[in-house]
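The values are calculated or read from the model by the stated rules, or taken from the named source; none is laboratory data. Quick caveat: nothing in here was measured; it's all calculated off a predicted structure. Note that each Cβ is placed from the backbone with ideal geometry, even for glycine, and that neighbours are counted across all protein chains shown. The protein model used for the area step is the full one, side chains on, heavy atoms only, and it has no ligands, DNA or RNA in it. Shrake-Rupley method; radii C 1.70, N 1.55, O 1.52, S 1.80 Å.
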Amino acid sequence: MLQEMIRQIKRAPTVTAEGEIVALEGLRLEATGPRSSLRIGAIARIGTIDGARAEIVGFKGERAILLLCETSQEIYPGIAVFYEAGVSYLYPSSAWLGRIVDPFGNPMDGREILPKGPYAKPIEVPPPPAHGRTRVDERLHLGVRVMDLFTPCGRGQRLGLFAGSGVGKSTLMGMLAQGADADVIVIGLIGERGREVREFVEDALGASGLARSVIVTATSDAPAPARRRAAYAAMTVAEYFRDQGKQVLCLLDSVTRFAMAQREIGLAAGEPPTTRGYTPSVFAELPKLLERAGPGVHGTGAITGLFTVLVDGDDHNEPVADAVRGILDGHIVMSRHIAERGRYPAVDLLKSLSRLSSALQGPEEAELIRNVRRLVSTYTDMEELIRIGAYAPGSDPDVDRAVRLNEKLNTFLTQNVGDPTPPEAVLQALKELYAEAA
């Protein structure tokens, strides 16, 4: 007991300097303080040493520019600012499994205080060295038929899930958390609606999914630094379990809201807006976050990352989507058109791909997937003619086969939460469908 108290005291943040708020402009605060304590990313407390947290995001002459990480009404010129020593840490542990935490590691589920782990983990660290990482050569079964077949994922691979609003990406994340063959699930909910967090946990995730998960959340009403920090905190928790030798699935929803939080921070710090109002720091922060997922060094586990991108106006070429697609190892596109027809998950087979599929699929499976994609493409090209009756059956053998396959394939790929299919059964079922369509 005494040793634990000593460890807790050693981990407690220490205050090394004090300043005061001297200006308020919009969302940003300007504060004085000694140069030795003013650095980008440092945490300060407003009013008292236990007051609302703020983060230093820039400088204006000798003054620090701060943004609040927590809502506070007690802000006025001359109020004291206390700067914490050292970098910002989390102390994750296995006791965090089944819990919902905020970006600072505090419980959000109304349960007891989380015990601190034995190791302090900085929330912003570089990814493992590229030359020291293991290769991605082992397949990860995700439990979602359409993804296991058409966008195979390896342990340590990073995939983007691109979707507009209301096409079922949260439900798909719940299916992945329940069905994926991973030891630990770390879920970052960035900028979600407040009511959706509980709905996601209880409906999409379920008790079985929550038991092996850690959820880090900052809802849409949280200040921009807290939303950005939630993404980094989720990755830090995932790295903790990876270093314990675990296979980790990290689900981050969404990268777009992380980018929007960074845009708010950049604009408050005085950065010039560029493409669609995004600041240059947004496109610098994206690879820093996303590259932390992936295979670990020898002797550790891997972080398989699935990152959702909320495409603005269903435009899959908007700046954030375009930047993320270039960083990750594949992309899964969810289509509103498919969702409207009632096939869930609404994954577009023709627009989705895994860059590691050639390394993860055997020759027979790869040929089958190519043939099925070809028939799906054929049906898509002729769909309007088929629907209006302008195509005469028997005119083209490939089109006839595509028509016979289409309805059965859509039925097979439709999947509900809690309806996983063993990996060997998925491929065999697709073989039978393809043979029946001959």
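Listed here are the residues, each with its yes/no results for (1) small (G, A, S); (2) in a loop (DSSP other than H, G, I, E, B); (3) out of contact with any Lys or Arg (no Cβ under 6 Å at 6 or more places or on another chain); (4) surrounded by 18 or more Cβ atoms within 10 Å (Cβ to Cβ).
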residue: V282; (1), (2), (3), (4): no, no, no, yes
residue: R292; (1), (2), (3), (4): no, yes, yes, yes
residue: D322; (1), (2), (3), (4): no, no, yes, no
residue: R325; (1), (2), (3), (4): no, no, yes, no
residue: V333; (1), (2), (3), (4): no, no, no, yes
residue: L350; (1), (2), (3), (4): no, yes, yes, no
residue: N371; (1), (2), (3), (4): no, no, yes, no
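Residues that are touching a residue at least 60 places away in the same chain (Cβ under 8 Å) and not in a loop (DSSP other than H, G, I, E, B) were ranked within the stretch 98-126; the one that is nearest to A85 (Cα to Cα) is P122. Taking into account only those residues within the stretch 356-367 that are in contact (Cβ under 8 Å) with a residue 60 or more places away in the chain and not small (G, A, S), which is most open to solvent (accessible area, probe 1.4 Å)? Top of the filtered list is L356. Counting only helices (runs of 4 or more DSSP H) that sit wholly inside the stretch 187-262, those with at least 3 residues that are under 28 Å from G313 (Cα atoms) are 194-199, 224-243.
Scanning the stretch 376-412 for residues that are under 17 Å from A435 (Cβ atoms) and touching a Lys or Arg at 6+ places or on another chain (Cβ under 6 Å) yields no hits at all.
Among the residues here, P422 qualifies as at pLDDT below 90 and open to solvent by 60 Å² or more (accessible area, probe 1.4 Å). If you scan the stretch 127-147, which residues turn out to be farther than 15 Å from G305 by Cβ, in contact with a strand residue (DSSP E or B) (Cβ under 9 Å, 6 or more places away or on another chain) and part of a helix (DSSP H, G or I)? Selection gives G132, V146. For the stretch 246-275, the set of residues classified as over 18 Å from the mean Cα position of the chain (by Cα), within 30 Å of T171 (Cα to Cα) and acidic (D, E) consists of E264 only. The set of residues in the stretch 192-210 that are more than 17 Å from the chain's Cα centre (by Cα) and open to solvent by less than 20 Å² (accessible area, probe 1.4 Å) contains only G206. Between A95, A52, A80, which is of a type outside the set (K, R) and touching a residue at least 24 places away in the same chain (Cβ under 8 Å)? That would be A80, the only listed residue that is of a type outside the set (K, R) and touching a residue at least 24 places away in the same chain (Cβ under 8 Å). Selection of the stretch 368-421 for residues being among the charged types (D, E, K, R) and in contact (Cβ under 8 Å) with a residue 40 or more places away in the chain yields only R373. If you go through the stretch 211-227 and keep only what is surrounded by 20 or more Cβ atoms within 10 Å (Cβ to Cβ) and touching a strand residue (DSSP E or B) at 6+ places or on another chain (Cβ under 8 Å), you end up with S213, V214, I215, V216, T217, A218, P223, A224, P225, A226, R227. A single entry from L90, L97, L67 fulfils the requirement of being within 23 Å of E124 (Cα to Cα), open to solvent by 30 Å² or more (accessible area, probe 1.4 Å), at pLDDT 90 or above and not small (G, A, S): L97. With the structure loaded, tell me whether L189 is open to solvent by less than 50 Å² (accessible area, probe 1.4 Å), out of contact with any strand residue (DSSP E or B) (no Cβ under 7 Å at 6 or more places or on another chain) and more than 24 Å from Q361 (Cβ to Cβ) or whether it fails that test. For L189, the condition - open to solvent by less than 50 Å² (accessible area, probe 1.4 Å), out of contact with any strand residue (DSSP E or B) (no Cβ under 7 Å at 6 or more places or on another chain) and more than 24 Å from Q361 (Cβ to Cβ) - is not met.
Criterion first (open to solvent by less than 50 Å² (accessible area, probe 1.4 Å), among the basic types (K, R), touching a residue at least 60 places away in the same chain (Cβ under 8 Å) and closer than 30 Å to P272 by Cβ) does R28 satisfy it? Yes.
Of all residues in the stretch 298-316, those being within 28 Å of A130 (Cα to Cα) and open to solvent by 50 Å² or more (accessible area, probe 1.4 Å) number 2. Against the test of being among the small types (G, A, S), in contact with an Asp or Glu (Cβ under 6 Å, 6 or more places away or on another chain) and within 17 Å of L189 (Cα to Cα), the options G168, G164, G160, G174 yield a single qualifying residue, G164.
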